Amino acid sequence: PAGTSSGAAAAAAPAAAAPTSSASRGDLVVQKETTTKPAFRVPVPGVDGAIADALAGKTVVMTGVFPEVGGGTGLSLGKDRTKAMVESFGGRVTGSISGKTDILLVGQEPGYSKVSEARKRPKITLVSLVDLERVLKGQKVIEDAAPVVVNNFSAGYEIRGQSNSLALTASAAELRVAQGLAPPPELIGAAKTAKTAKKDAKSKGGGSGVPAGTSSGAAAAAAPAAAAPTSSASRGDLVVQKETTTKPAFRVPVPGVDGAIADALAGKTVVMTGVFPEVGGGTGLSLGKDRTKAMVESFGGRVTGSISGKTDILLVGQEPGYSKVSEARKRPKITLVSLVDLERVLKGQKVIEDAAPVVVNNFSAGYEIRGQSNSLALTASAAELRVAQGLAPPPELIGAAKTAKTAKKDAKSKGGGSGVPAGTSSG
């Protein structure tokens, strides 16, 4: 402002958020970069402090995809380049977990089977790509890697229309262990597995599979109780949904069929963000969107492409856009809803207002422009990321208070164009 020194103006400017390399909740959240460089650059042995033999003698198994590394497509996204990187630092890459495995490198949407198996083996360290980079550069040792929390498991391949992901048939307790939210009840190597114990008992007890001197009734009583079936893991609805039958994880509801209410979304304006692989159809960033849009419209909803004052629902899929989610969080009128909860609303099992809070753990990397991701999540501060994820409330709600821009516009319209309310002197 006129009459204000540049020094005073600088002092009045808001302090810049402290740079941080990632949001909280583990390393599987979109990495935040404070410069324009890519979220991940493949280290080269001997360059920029990278240690040539950092993984010498280590056996590494990879799981998930590594889009930030680049190369490949589908379930092989980024894997070839990541494997080459590991091998260039002296590591040996194998395809499955074994007694020789030292490291499980966890990418986005990892396989439930590998992660679950690795959790049981105290010798194996689960490592994110971000922490592996630090290890290669000598900034950290493997043993100090941050705990890896998995929020979205791979849906795997489809066989006759059914996903082959074991996450869909795991119990809630098993999912929590695999996610890293609970310790495994038994560690392979630290104690015998039930299978090994049964084999030993059979050899000692005459082939019954029950230890000698133990009645079959006692053995049955000693058997662990089966976990109660549940339809999803905890931590929101963005975790792979668990089905207790062999049906697909999601079936598109049809108005008037199986209790689905024909006008369940009448009068509602819906915006979609992310992808919906469980619905099917489309590819890339349009995966499942056309069918999901058709479903919403069949129940009377209106689908638009961007957040506005008319938006009622933000339907959040996998890897949603940071911009839409962040904007919706600021507007108290908008309800963020997962696909699972929307299905319940359409079937009359729940109302929109009772939808479970949506926690976002992986934002979309967006499109690449000249080799750079255009995702705003990469330049957001840690505080802004926590708000967008749903881990902290927004500091300001649009609609609850006028923005400075709106207030200025109102003042200008009432004050004859001067920007000063009528009846008030310019002084």
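The values are calculated or read from the model by the stated rules, or taken from the named source; none is laboratory data. Remember, predicted model here, so these are calculated numbers, not experimental data. So basically every Cβ, Gly included, is an ideal-geometry build from the backbone, and we count neighbours across all protein chains shown. Heavy atoms of the whole protein, side chains included, go into the accessibility calculation; ligands, DNA and RNA do not. Shrake-Rupley method; radii C 1.70, N 1.55, O 1.52, S 1.80 Å.
Given a Förster radius of 60 Å and the C-beta distance between residue 56 and residue 262 as r, what FRET efficiency does 1/(1 + (r/R0)^6) yield to the nearest 0.05? Before the final figure, lay out each step's value.
Working: r = 64 Å, r/R0 = 1.07.
Given R0 = 60 Å and the Cβ-Cβ separation, E is 0.40.
Under a point spin-label approximation (7 Å from Cα along Cα-to-Cβ), what is the residue 139-residue 76 distance to one decimal in nm?
Output for this residue pair reads 3.1 nm.
So how exposed is residue 123, as accessible area in Å² (1.4 Å probe, rounded to 10)?
Residue 123 has an accessible surface of roughly 110 Å² with all protein chains in place.
Say the cut-off is 19 Å between C-alpha atoms; which of 100/123; 310/350; 293/324; 310/333; 58/140 go over it?
On the way: 100/123 9 Å; 310/350 22 Å; 293/324 17 Å; 310/333 9 Å; 58/140 16 Å.
Pairs exceeding 19 Å: 310/350.
Hey, can you grab everything whose amide H is under 5 Å from the amide H of residue 125? Only 5+ residues off in sequence or another chain; H modelled, so Pro and N-termini drop out.
The answer is 103, 104.
Going by a ≥ b ≥ c, the root eigenvalues of the Cα gyration tensor, does the range 271-348 fall in the rounded group (a/c under 1.5), the prolate group (a/b larger than b/c) or the oblate group?
It comes out oblate by the Cα gyration axes.
Please report the orientation-averaged projected area of the range 94-150, defined via the convex hull of its C-alpha atoms, in nm².
Convex hull of Cα atoms, orientation-averaged projection: 3.9 nm².
Which length gain, in nm to one decimal place, applies between residue 351 and residue 302 when the Cα-Cα distance is subtracted from 0.36 nm times their residue separation?
Contour length minus the Cα-Cα distance gives 15.9 nm.
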